[in-house]
Amino acid sequence: WLSKGEHSSLVLFFENGGGAYMKLTYSGPDTGFREALLPSVGFEGKCEAPKPECECGTGFCFKAYYDPNGRGQVRDFPDLSKLVPQVAVIAPTIGLYNDHQIARFLGKTGRFDHVAASFTGVLFINLPGQYQICTTSDDGSRLFIDGKVSVNNG
């Protein structure tokens with residue numbers, strides 16, 4: 001059940017190797033109960049990495065952390081509070097369907113393995129009610145709404 005208004009959101013994602021994708025969808029009163037990519041109306045604070053920095057605006061602040069475990073495997077969610085992101089970009093929704101699309105979005109060339117990411121945003125619910133929210137990912141994802149785990153695909 002989501003009330004009308006703004007809800008903080010945080011999506012965590014990791015990719016170990018091979019193919020990668022990350023998608024966040026919802027369905028409920030706001031969508032006519034049809035599945036749709038879940039948008040963010042913004043995020044708090046700055047969306048920045050040491051280089052480059054993006055201007056804040058509507059969407060999710062998408063931060064990427066390359067090789068969060070050094071050159072080791074990424075088999076679980078790394079502690080991002082101890083890492084520095086290499087890239088920060090704004091994503092209007094989370095609908096990245098393959099590793100090549102993710103790499104292009106981040107401006108990365110070459111291999112795209114061993115990555116962790118966070119998407120910070122504010123969800124706006126117009127019509128209160130029961131919502132189904134889903135993350136689909138390879139390799140893992142977790143969604144927090146208002147600080148509580150809503151989806152755990154770890």
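The values are calculated or read from the model by the stated rules, or taken from the named source; none is laboratory data. A quick note: this is a predicted structure, and the numbers were derived from the prediction, not measured. Neighbour counts are summed over all protein chains in view; Cβ atoms, including those assigned to glycine, are modelled from backbone coordinates with ideal geometry.
Is region 136-144 home to any residue that is crowded, with 20+ Cβ neighbours inside 10 Å and of a type in the set (Phe, Trp, Tyr)?
Within region 136-144, not a single residue is crowded, with 20+ Cβ neighbours inside 10 Å and of a type in the set (Phe, Trp, Tyr).
Would you mind telling me which numbered condition in (1) surrounded by 14 or more Cβ atoms within 10 Å (Cβ to Cβ); (2) farther than 14 Å from Val11 by Cα Asn126 fails?
Status for Asn126: all satisfied but (1).
Within the set of pairs 6+ apart or on separate chains, which have a first residue in region 1-13 that is farther than 13 Å from Lys148 by Cβ, a second that is not acidic (Asp, Glu) and not in a strand (DSSP E or B), and C-beta atoms under 6 Å apart?
Ser3/Pro128; Lys4/Pro128; Leu12/Phe77
Return the pair list, or none, for Cβ contacts closer than 8 Å from residues in region 126-152 that are assigned to a loop (DSSP other than H, G, I, E, B) to residues that are among the small types (Gly, Ala, Ser), at least 6 apart or on different chains.
From residues that are assigned to a loop (DSSP other than H, G, I, E, B), the pairs are Leu127/Gly28; Pro128/Ser3; Gln130/Gly28; Tyr131/Ser27; Tyr131/Gly28; Asp139/Ala20; Asp146/Ser8; Gly147/Ser8.
Return only the number of the condition from (1) modelled with pLDDT of 80 or more; (2) closer than 15 Å to Ala117 by Cβ; (3) among the β-branched types (Val, Ile, Thr); (4) under 14 Å from the mean Cα position of the chain (by Cα) that Thr25 does not satisfy.
(2)
I'm told Asn152 meets every condition in (1) buried (at least 20 other Cβ atoms within 10 Å of the Cβ); (2) modelled with pLDDT of 80 or more; (3) within 19 Å of Thr25 (Cβ to Cβ) except one. Can you identify the failing condition by its number?
Result: Asn152 fails condition (1) only.
Kindly establish whether Pro68 is at pLDDT 85 or above and either touching a strand residue (DSSP E or B) at 6+ places or on another chain (Cβ under 8 Å) or assigned to a loop (DSSP other than H, G, I, E, B) (or both).
On the way: at pLDDT 85 or above: no; either touching a strand residue (DSSP E or B) at 6+ places or on another chain (Cβ under 8 Å) or assigned to a loop (DSSP other than H, G, I, E, B) (or both): yes.
The answer is no for Pro68.
Checking the structure you have, find out if any residue of region 47-55 is modelled with pLDDT of 85 or more and either part of a loop (DSSP other than H, G, I, E, B) or surrounded by 18 or more Cβ atoms within 10 Å (Cβ to Cβ) (or both). First the steps, then the outcome.
From region 47-55, those modelled with pLDDT of 85 or more are none; that's our starting set.
No, there is no match, as no residue in region 47-55 is modelled with pLDDT of 85 or more and either part of a loop (DSSP other than H, G, I, E, B) or surrounded by 18 or more Cβ atoms within 10 Å (Cβ to Cβ) (or both).
Looking for something modelled with pLDDT of 80 or more and not charged (D, E, K, R) - is there at least one such residue anywhere in region 100-110? Steps first, please.
The first filter runs over region 100-110 and keeps only residues modelled with pLDDT of 80 or more, leaving none.
The answer is no, given that none of the residues of region 100-110 is modelled with pLDDT of 80 or more and not charged (D, E, K, R).
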